[in-house]
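Accompanying notes for the structure given below.
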């Protein structure tokens with residue numbers, strides 16, 4: 001499946017039913033449609049989409065700046081659909097941000113390729129985001145442990161090694177995380 005949730009931003013309703021039908025046959029679940037960039041900007045912070053297709057031009061803007069913004073602020077795969085004579089220029093303007101550009105008239109094989117690429121981008125971004133969250137949590141724990149060790153050294157006269165062992169042993173003995181033990185130490189001495 002390419003996408004559970006897809007958003008189409010299109011300034012024109014021409015051919016929209018055909019594209020929606022094609023997306024559903026390709027494995028896209030629910031498909032929402034909006035007609036302007038401003039409408040999309042209001043929706044995006046509240047909804048999470050796997051794929052976003054922008055059929056240019058939109059009612060209130062062309063759409064390439066919106067595509068870049070969406071790539072920077074979401075984990076969605078973003079596909080920009082534009083006229084063939086503008087495709088190369090759009091690739092130059094948006095390619096570095098991860099936008100897939102597909103030219104009109106739509107070729108089903110090219111659209112399928114873009115859907116696969118967009119899904120791959122999303123999967124890769126979500127994997128990186130998950131790893132980033134793990135690293136942030138680890139860093140946060142290290143900060144608390146360091147602060148607690150400092151307090152144990154300064155308030156209890158422990159060595160760094162002894163303070164470290166105290167936190168580790170307390171965490172093991174009470175079946176809590178090092179962060180929880182460290183927060184308890186910090187609360188006691190601050």
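Coordinate-derived values only; no laboratory data. Computed from a prediction, not measured in an experiment: that's the story for all the values here. Cβ sites come from the backbone with ideal geometry, for glycine too, and all protein chains shown count toward neighbours.
Data table
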read-out	value
At R0 = 41 Å, FRET efficiency that the Cβ-Cβ distance of residue 59 and residue 140 yields, to 0.05	0.40
Sites residue 73 and residue 116 - FRET efficiency at Förster radius 25 Å, r taken between beta-carbons, to 0.05	0.65
On Cα atoms only, tilt of 160-174 relative to the major axis of the chain in degrees	70 degrees
Relative contact order, percent, segment 133-189 [alpha-carbon distance under 8 Å, six or more residues apart]	41 percent
Pair residue 162, residue 96: separation of 7 Å Cα→Cβ label points (nm)	5.6 nm
Computed over the chain: relative contact order in percent, which uses C-alpha pairs under 8 Å that are six or more apart	16 percent
Cα shape, segment 71-118, gyration tensor, a/c 1.5 rule	oblate
Nearest-ten-degree value, helix 64-73 long axis tilted from longest Cα axis of the chain	20 degrees
Footprinting exposure proxy for 61, 161 (fewest neighbouring C-beta atoms within 10 Å first)	161, 61
Global geometry of segment 133-174, whether rounded, prolate or oblate, following the gyration tensor of its Cα atoms and the 1.5 cut on a/c	oblate
Which of 34, 181, 91 has the fewest Cβ neighbours within 10 Å, and the rest in rising order	91, 34, 181
Crossing angle, helix 178-189 versus the chain [Cα axis fit, 0-90 degrees, rounded to tens]	50 degrees
Cβ-derived FRET efficiency at R0 22 Å, residue 126 paired with residue 14, nearest 0.05	0.10
Gyration tensor verdict on segment 3-106 (Cα atoms; rounded if a/c is under 1.5, prolate if a/b is larger than b/c, oblate otherwise)	rounded
Segment 71-166, relative contact order in percent, only Cα pairs under 8 angstrom and at least six apart counted	24 percent
Share, in percent, of DSSP beta bridges within segment 3-106 that are antiparallel, nearest 5	0 percent
Label-point gap, in nm, between residue 155 and residue 133 - each point 7 angstrom along Cα→Cβ	3.2 nm
